[in-house]
Structure formats: structure tokens, C-alpha cells
Amino acid sequence: MKKLLFVVLPALALLLTACPSTDKPADQPADPTAGQPATNVRKAPAFSADTAYALTARQVAFGPRVPGRPAHVACGNYLVAMLKRYGLKVMEQPFEAKTFDGHTIQCRNIVAQFQPEAARRVAVFAHWDTRPFADADKVHKNAPIDGASDGASAVATALEIARTLSQQPAANRPAVGVDIILFDAEDWGHDDTYQADVPNQLKDAGTDTWCLGSQYWGKHLLPAGYRAEYGILLDMVGAKNGRFTRESLSLKNARPVVDKIWTTAAKIGYSDYFLYQDTGEILDDHKYTADAGVPTVDIYDHPPYGGESFPAYHHTTADNMSIIDRKTMKAVGQTVLQVLYNE
Ligand SMILES: [Zn+2]
């Protein structure tokens with residue numbers, strides 16, 4: 001994913017004048033659940049942060065999942081096998097893509113359906129590839145990243161949601177079908193901040209050098225004619241001190257779902273992670289899934305007000321297992337599970 005500076009900067013300027021000395025905007029209620037209708041809370045089963053952590057480490061152990069490399073193929077096979085082991089209906093969507101720096105890469109999206117017969121559906125999206133270069137790194141700019149948070153943690157959270165759902169007896173399943181949709185080639189885009197001197201060979205692509213898997217899926221929906229009530233995109237959800245803010249495009253396309261997720265997080269004790277802060281638009285898979293008809297919320301790690309729009313480890317070699325924290329994974333995984341059980 002990348003930041004869209006022209007949107008982020010005015011938003012930040014506004015925020016800085018609105019709340020010079022506090023994390024919480026003055027116009028936000030002290031209790032974010034105040035005034036919300038009482039929901040019939042069906043308690044979701046426990047999300048295992050230990051399993052999610054192990055699933056993150058397993059992906060990282062393959063090595064960087066850069067499209068075209070053997071580690072990428074092996075990890076893709078592993079993800080397909082795990083989702084099948086959990087009993088989901090798994091489909092693969094192979095495709096070929098061209099990158100901004102002249103590569104032709106073989107990719108695949110992975111779609112796994114829980115309760116495929118259910119009419120009402122919710123999608124959980126993540127990307128499973130990793131960025132081929134640490135262009136935001138101060139030193140190792142050409143090294144591929146481990147993508148422990150940026151990639152693996154989100155896939156691991158989606159997998160652990162799938163595993164938890166699959167273990168429930170029929171009487172304790174959510175009312176909705178859940179589709180785990182893992183995109184490839186999200187992170188091989190041209191970053192005009194860090195790669196200003198690298199020519200973009202896809203002259204007419206603009207910012208569409210990113211999110212190649214979700215763009216392909218949006219044009220070739222799998223399953224055919226796919227529809228969901230909404231989607232939740234997970235991206236960078238595993239790092240220590242992870243914080244999640246209400247991103248502009250998510251609010252524009254799916255504000256009621258943003259409210260649902262943030263209210264749920266507060267109700268089950270994760271308001272330290274899900275901040276009531278509205279922040280600027282970023283480019284991520286949620287743009288293309290929304291364009292394809294699935295209004296989508298992006299849950300991604302965003303430092304609180306005053307900082308950069310991405311955490312310090314983003315697209316650097318520091319994005320490795322040493323930054324992964326079970327507590328952050330628990331906050332996100334349990335919140336998403338609870339949202340599914342409230343449907
Ligand atoms: Zn990334």
C-alpha cells in the first residue's frame with residue numbers, strides 16, 4: 001500500500017489545528033459506544049493469538065514471498081492446503097501481471113469460503129505477497145522484506161478466523177457466510193516518495209501499479225458474480241503498539257461498517273487499539289474491492305496523530321518477527337470475529 005500525500009496532508013493539517021494537545025479529537029464522545037443501539041451480542045469464540053503468531057512465523061519462514069520466487073510458490077501452496085484442511089471451499093485464481101519495473105510475474109489469488117451456501121456474506125481480505133524491496137529502509141533499500149506485519153500478520157489473522165469458525169458446532173456458527181480472499185501482488189507498486197528516481201515503465205498506470213491481485217479479481221470476480229454485504233481488509237495488523245484509525249476511503253465507502261467495527265472493539269475492550277481518529281486516504285486493496293461492489297473497510301496500522309501515515313517499519317527490513325505482538329493480533333482477530341458473530 002502507499003500513502004496518497006495530496007489527501008493525507010490537508011487532513012493532517014486540519015487535525016493538528018483541531019486537537020493540538022490530545023490524542024482524542026474534541027468533537028468525539030468520551031464513550032464511543034454512547035448513544036449506540038444495544039446489539040444482541042452473541043459472544044464469538046476465542047481467537048487464538050498464539051496460533052495467529054505461529055501462522056505468521058510459518059509464512060515468514062518461507063522467506064520473502066516475492067512473486068516469481070520459489071518461496072512465494074511454496075507459501076501459496078501452504079495457504080491453500082491450510083484453508084482446505086480447515087474445511088473451507090478453496091478456489092485459486094492464477095494470473096499474470098506486469099510490474100512497473102519491467103517484470104512479468106506469475107501470481108494467484110486464493111479464495112476460501114466458509115458456509116458457501118449462506119446467502120448473506122462478508123469478505124475478509126488480505127494480501128499474501130511481500131514487497132520485493134525495502135525502499136523505505138535507510139540502508140538496505142534493495143533487500144526484500146520479511147513482511148511479518150505487512151502481509152503475513154493479516155493472512156495469519158484471516159487464517160485463524162477461518163480455523164476458529166471451522167471448529168464450531170453447527171449451532172454456534174455466525175449467520176453469515178465468510179469468504180477469506182487473499183490477494184497476490186499487492187505490494188510491487190511504484191512509490192513516488194522513495195522511488196522518485198526509478199522510472200515507472202507502466203506509463204499510463206498512475207497509482208494502479210499497486211494492488212495487482214485485487215485489480216485482477218475485481219475484473220474477474222471469483223466466484224463469478226460475487227457479492228458480499230461488506231468487506232474487511234486486514235493489512236499490517238501484527239506489530240507491537242499497532243494502532244488502527246478510521247481511514248478516509250473506508251469512511252466514504254463503508255461508514256456504517258467502520259462504526260460497527262470500532263464500536264465492537266470498544267465493547268470488548270480494544271479501544272486502545274481502535275482509535276476514534278479519522279485519517280487520510282491511502283491506496284490499498286480496499287479501493288479495488290469497493291470498485292468491484294464490496295464496500296470495504298481497511299484495518300491497517302497507523303501511528304496516532306502527529307506522526308507519519310505509516311509506521312516506521314513499513315517497507316523496511318525492520319518488518320520482521322521481532323516486531324510481532326500477540327496482543328495486537330488478538331485485538332484485531334477477536335474484534336473481527338465478534339463483528340461476524342453480531343451479524
Ligand atoms: Zn506494503
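When you scan the range 126-137, do you find a residue that is on the phi > 0 side of the Ramachandran plot and either away from the ligand (no atom under 16 Å from the Cβ) or in contact with a Ser or Thr (Cβ under 7 Å, 6 or more places away or on another chain) (or both), even just one?
No - not one qualifying residue is present in the range 126-137.
Counting only residues that are crowded, with 19+ Cβ neighbours inside 10 Å and hydrophobic (A, V, I, L, M, F, W, C), which one in the range 295-312 is modelled with the lowest pLDDT?
This residue is F310.
Could you check the range 284-343 and list, in sequence order, the residues that are among the polar types (S, T, N, Q) and part of a helix (DSSP H, G or I)?
Listed by number, the residues that qualify are T289, S322, T328, Q334, T335, Q338.
Quickly run through the range 202-221 and pick out the residues that are in a loop (DSSP other than H, G, I, E, B) and under 15 Å from I105 (Cα atoms).
So in the range 202-221, the residues in a loop (DSSP other than H, G, I, E, B) come out as 202-205, 210-211, 220-221.
Within the range 202-221, L202, W210, C211 meet the criteria.
I'd like the full set of residues that are more than 14 Å from the ligand (Cβ to nearest atom) and touching a residue at least 24 places away in the same chain (Cβ under 8 Å), limited to the range 140-149.
Those that are more than 14 Å from the ligand (Cβ to nearest atom) and touching a residue at least 24 places away in the same chain (Cβ under 8 Å): H140, K141, A143.
Answer with yes or no whether R227 is basic (K, R), buried (at least 20 other Cβ atoms within 10 Å of the Cβ) and more than 16 Å from the ligand (Cβ to nearest atom). Reasoning before the result, please.
Values: basic (K, R): yes; buried (at least 20 other Cβ atoms within 10 Å of the Cβ): no; more than 16 Å from the ligand (Cβ to nearest atom): yes.
Considered against the rule, which asks whether it is basic (K, R), buried (at least 20 other Cβ atoms within 10 Å of the Cβ) and more than 16 Å from the ligand (Cβ to nearest atom), R227 comes out as no.
Could you tell me how many of the residues in the range 239-282 are of a type in the set (S, T, Y), within 17 Å of the chain's Cα centre (by Cα) and not in a loop (DSSP other than H, G, I, E, B)?
Qualifying residue count for the region: 4.
Check whether at least one residue in the range 169-184 is in contact (Cβ under 8 Å) with a residue 24 or more places away in the chain, over 28 Å from K43 (Cβ atoms) and either away from the ligand (no atom under 16 Å from the Cβ) or not β-branched (V, I, T) (or both), and report yes or no.
Yes, because at least one residue in the range 169-184 is in contact (Cβ under 8 Å) with a residue 24 or more places away in the chain, over 28 Å from K43 (Cβ atoms) and either away from the ligand (no atom under 16 Å from the Cβ) or not β-branched (V, I, T) (or both).
Is one or more of the residues making up the range 156-165 part of a strand (DSSP E or B) and not aliphatic (A, V, I, L, M)?
Among the residues of the range 156-165, not one is part of a strand (DSSP E or B) and not aliphatic (A, V, I, L, M), which makes the answer no.
Going by the structure shown, is A152 under 25 Å from I282 (Cβ atoms), within 13 Å of the ligand (Cβ to nearest atom) and either under 14 Å from the mean Cα position of the chain (by Cα) or among the hydrophobic types (A, V, I, L, M, F, W, C) (or both)?
The answer is yes for A152.
For the range 185-203, check the following and say yes or no: at least one residue is among the aliphatic types (A, V, I, L, M), out of contact with any Phe, Trp or Tyr (no Cβ under 7 Å at 6 or more places or on another chain), more than 20 Å from I299 (Cα to Cα) and more than 16 Å from the ligand (Cβ to nearest atom).
yes
Table: residues versus (1) closer than 27 Å to Q195 by Cα; (2) surrounded by fewer than 20 Cβ atoms within 10 Å (Cβ to Cβ); (3) among the aromatic types (F, W, Y); (4) without any contact (Cβ under 8 Å) to a residue 24 or more places away in the chain.
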residue	(1), (2), (3), (4)
A265	no, no, no, no
G269	no, yes, no, yes
E281	yes, no, no, no
K287	yes, no, no, no
G293	no, yes, no, no
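Condition (residue is surrounded by fewer than 20 Cβ atoms within 10 Å (Cβ to Cβ) and modelled with pLDDT under 95) applied to the range 66-74: is it met by at least one residue? Working first, answer last.
Of the residues in the range 66-74, the ones surrounded by fewer than 20 Cβ atoms within 10 Å (Cβ to Cβ) are 68-71, 73-74.
Keeping just the survivors that are modelled with pLDDT under 95 gives 68.
Scanning the range 66-74, I find at least one residue that is surrounded by fewer than 20 Cβ atoms within 10 Å (Cβ to Cβ) and modelled with pLDDT under 95, so the answer is yes.
The values are calculated or read from the model by the stated rules, or taken from the named source; none is laboratory data. Given the structure is predicted, the values throughout are model-derived calculations rather than measurements. Don't worry about glycine lacking a Cβ; one is built from the backbone with ideal geometry, like all the others, and counts go over all protein chains shown.
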